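To start, the structure under review is shown below, and the notes come after it.
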C-alpha cells in the first residue's frame with residue numbers, strides 16, 4: 001500500500017522522484033525542491049531552539065502578528081496542512097476539500113507543547129518535500145482549485161501556490177525568530193542553507209534530518 005505524502009504517492013505527476021530534475025530540463029521544479037528542503041531545514045533549526053524554552057516562555061504574550069511563539073508556530077503548521085492538502089488533492093485528481101475550515105482550522109492552536117508541534121511540523125515538511133520531488137517544469141502550470149465556501153473557488157497554478165507557501169513560512173518564521181530575541185534562547189542562524197561553502201555549518205543538522213549534500217545538490221546541479 002502506498003503511504004500518502006510519499007514520493008511514490010505523487011510520482012504520477014510526471015517525473016521519476018529519483019532522477020527527474022536534470023539540470024537542462026527541470027530547473028524551476030528543481031528549485032522548488034531545494035526550497036522544500038530549505039523549508040524543512042529552517043523549521044528544524046527554529047523548532048530545536050524553541051524546544052529549549054520553558055513552557056512559560058513558549059506561551060508568553062509577545063509583540064507579533066500572532067501574540068506568542070506558540071500561536072505563531074501553530075499557525076505556520078495549520079496553514080501548511082491546508083495548502084499541502086490542496087496540492088496533493090490536485091495531484092491525485094481529487095476534488096477540492098469540502099470543509100477545509102473544519103479539517104484544518106477548527107482548533108486554532110492544535111498543539112500545546114513545542115515537542116508535539118515539532119514532530120507534526122517535521123511530518124508536514126516531509127510531505128512537501130515528497131510532493132516537490134515528483135514535479136516537472138511542464139506540470140507547474142496546472143491549476144489547483146480550493147473551495148473557499150459560499151461558491152468561491154480559488155484557482156492558482158502549482159507554481160504560484162508553492163511560491164506562496166514558501167513565502168508564508170519565511171514570513172512567520174521571521175516573526176518567531178524576532179520573538180526569540182526576548183527570551184533566554186538565542187535565535188538560530190537560518191540563512192546557511194544554499195551557499196556551497198557553508199556546508200560545514202549545516203552538517204550536524206543534515207545528520208539529524210538524515211539528509212546529505214549529495215541528495216540535495218547532485219554534482220550536475222551544484
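The values are calculated or read from the model by the stated rules, or taken from the named source; none is laboratory data. Since this is a predicted model, take the numbers as computed values, not measurements. When we count neighbours, we look across all protein chains shown, and the Cβ atoms used for this are built from the backbone with ideal geometry, even at glycine.
Within the group 156, 125, 112, which residue is in contact with a strand residue (DSSP E or B) (Cβ under 7 Å, 6 or more places away or on another chain) and either surrounded by 14 or more Cβ atoms within 10 Å (Cβ to Cβ) or at pLDDT 95 or above (or both)?
Result of the check over 156, 125, 112: 156.
Do we find that residue 71 is closer than 22 Å to residue 162 by Cα, assigned to a helix (DSSP H, G or I) and more than 13 Å from the chain's Cα centre (by Cα) in this structure?
no
If residue 132 satisfies every condition in (1) over 15 Å from residue 76 (Cβ atoms); (2) at pLDDT 95 or above; (3) part of a loop (DSSP other than H, G, I, E, B) but one, which is the exception?
Result: residue 132 fails condition (3) only.
This table checks each residue for (1) in contact with a helix residue (DSSP H, G or I) (Cβ under 7 Å, 6 or more places away or on another chain); (2) free of Cβ contacts under 8 Å to residues at least 40 places away in the same chain; (3) in a helix (DSSP H, G or I); (4) within 19 Å of residue 180 (Cα to Cα).
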| residue | (1), (2), (3), (4) |
| --- | --- |
| 67 | no, yes, no, yes |
| 76 | yes, no, yes, yes |
| 96 | yes, no, no, no |
| 112 | no, no, no, yes |
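Within the group 22, 103, 35, 88, which residue is modelled with pLDDT under 95, touching a helix residue (DSSP H, G or I) at 6+ places or on another chain (Cβ under 9 Å) and either buried (at least 18 other Cβ atoms within 10 Å of the Cβ) or assigned to a helix (DSSP H, G or I) (or both)?
103
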